[in-house]
1. Being surrounded by fewer than 16 Cβ atoms within 10 Å (Cβ to Cβ), modelled with pLDDT of 95 or more and either of a type outside the set (G, A, S) or under 14 Å from W202 (Cα atoms) (or both): is that true of K264 here?
2. Of the residues that make up the range 170-190, is at least one surrounded by 16 or more Cβ atoms within 10 Å (Cβ to Cβ) and under 30 Å from the mean Cα position of the chain (by Cα)?
3. So I315 fits all but one of (1) under 22 Å from A167 (Cα atoms); (2) in contact with a helix residue (DSSP H, G or I) (Cβ under 7 Å, 6 or more places away or on another chain); what number is the exception?
4. With the structure loaded, tell me whether S149 is surrounded by fewer than 21 Cβ atoms within 10 Å (Cβ to Cβ) and polar (S, T, N, Q) or whether it fails that test.
5. For the range 193-226, what are the residues that are open to solvent by 30 Å² or more (accessible area, probe 1.4 Å), closer than 21 Å to G293 by Cα and not in a strand (DSSP E or B)?
6. Name the pairs: first residue in the range 283-296 and among the β-branched types (V, I, T), second residue in a strand (DSSP E or B) and open to solvent by 20 Å² or more (accessible area, probe 1.4 Å), Cβ to Cβ under 8 Å, at least 6 apart or on different chains?
7. Would the range 291-301 turn up any residue that is open to solvent by less than 30 Å² (accessible area, probe 1.4 Å), under 25 Å from M165 (Cα atoms) and assigned to a strand (DSSP E or B)?
Amino acid sequence: MARKKYKFNPDTLNYESIGLTWKEKASRILTYLSSSFALALVFVVVFLNFYETPKTKALKRENKQLLSQYELMSKDLDKVEQVLSDLQQRDDNIYRVIFEAEPIPSSVREAGFGGVNKYSHLEGMDNSELIIATAHKLDVISKQAYIQSKSYDEVLNLALNKEKMLACLPAIQPVTNKDLKRTSSGFGYRIHPIYKVRKMHWGLDFTAPIGTPIYATGDGTVTEVQGSKRSRIGLGLSVKIDHGYGYETVYGHMNEFNVKRGQKVKRGDIIGYVGNSGGSTAPHVHYEVHKDGKRVNPAYYVFQDLTPQEYDKMIAISSNIGQTLD
């Protein structure tokens with residue numbers, strides 16, 4: 001029971017009770033309300049720190065499951081990345097080598113993602129580093145898989161065109177040479193027959209009587225028909241054939257042509273006849289093979305009309321150090 005206040009009244013000579021003013025009542029009410037609110041706030045804070053609601057427990061459980069799934073996904077992506085890397089190695093070092101195609105540059109395979117940060121919306125979250133790393137890894141693998149799929153499309157086309165490519169390869173000798181007696185000087189440094197100095201010989205020489213047919217060693221298009229019989233320098237009358245796939249062949253010191261520029265030829269077609277034109281010291285055909293603009297040893301390509309034993313014998317004959325005929 002609340003205490004009552006009394007005040008002495010001199011007129012009545014009695015103590016009279018004093019009632020509360022409205023300000024005092026309002027002050028008491030505010031005091032009670034603020035005390036109650038503060039106490040309720042304390043209870044809420046304590047409850048939230050030491051006790052979890054069912055919804056909070058469910059969210060935490062869901063977050064743990066998501067975190068576990070991200071970790072498992074990251075490990076799976078690592079495995080996928082290893083498999084994809086193996087496919088890339090096979091593509092560059094086996095499949096493309098078989099079809100003599102250039103490997104895909106690493107700058108293309110490993111190209112990054114420039115421009116705006118596409119993962120900014122994932123920053124500031126719990127475990128954001130793991131989430132961003134996983135998302136980035138997935139993007140990289142997706143791009144590499146796309147590049148690899150395009151590469152296999154190209155390899156498939158190469159495989160479908162393999163028969164055509166094989167027909168274009170310079171794979172026979174330019175003159176009939178069954179007994180290999182016409183094989184003369186080979187690719188490499190030799191003594192020049194005119195200057196008598198050691199000089200690089202960029203092809204194979206095949207001796208034969210003037211007028212002996214010279215054959216195209218692979219399918220292709222004649223790109224050059226040039227030279228003069230009277231000239232005593234260079235290759236004299238010569239023919240160049242573009243076989244495609246980076247291959248070209250050159251036939252020098254002819255006596256006469258049997259083709260014209262722009263003409264399509266097949267392997268075995270007669271393109272001219274053996275002569276002694278240009279800087280030649282005896283009737284023969286000088287034969288070169290170019291790959292991607294570089295002169296290479298023709299002996300490595302003369303295999304289709306020879307047995308393994310004959311091929312080894314021809315390599316041995318052409319490798320003898322001596323004098324060339326041009």
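1. yes
2. Yes, some residue in the range 170-190 is surrounded by 16 or more Cβ atoms within 10 Å (Cβ to Cβ) and under 30 Å from the mean Cα position of the chain (by Cα).
3. (1)
4. The answer is yes for S149.
5. Result: W202, single match.
6. If the second residue must be in a strand (DSSP E or B) and open to solvent by 20 Å² or more (accessible area, probe 1.4 Å), the pairs left are V289/E248; V289/R295; V289/V296; V296/H290.
7. Looking for residues that are open to solvent by less than 30 Å² (accessible area, probe 1.4 Å), under 25 Å from M165 (Cα atoms) and assigned to a strand (DSSP E or B), one finds none in the range 291-301, hence no.
To keep it simple, each residue is scored yes or no on (1) assigned to a loop (DSSP other than H, G, I, E, B); (2) farther than 16 Å from V140 by Cβ; (3) modelled with pLDDT of 80 or more.
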{"site": "L48", "(1), (2), (3)": "no, yes, no"}
{"site": "A58", "(1), (2), (3)": "no, yes, no"}
{"site": "N63", "(1), (2), (3)": "no, yes, no"}
{"site": "Q82", "(1), (2), (3)": "no, no, yes"}
{"site": "S107", "(1), (2), (3)": "no, no, no"}
{"site": "G112", "(1), (2), (3)": "yes, no, no"}
{"site": "V116", "(1), (2), (3)": "yes, yes, no"}
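The values are calculated or read from the model by the stated rules, or taken from the named source; none is laboratory data. This is a predicted model, so every value here is computed, not measured. Ideal geometry is used to build each Cβ from the backbone, glycine not excepted, and the neighbour counts take in all protein chains shown. SASA here: full protein model, heavy atoms, side chains in, ligands and nucleic acids out. Shrake-Rupley method; radii C 1.70, N 1.55, O 1.52, S 1.80 Å.
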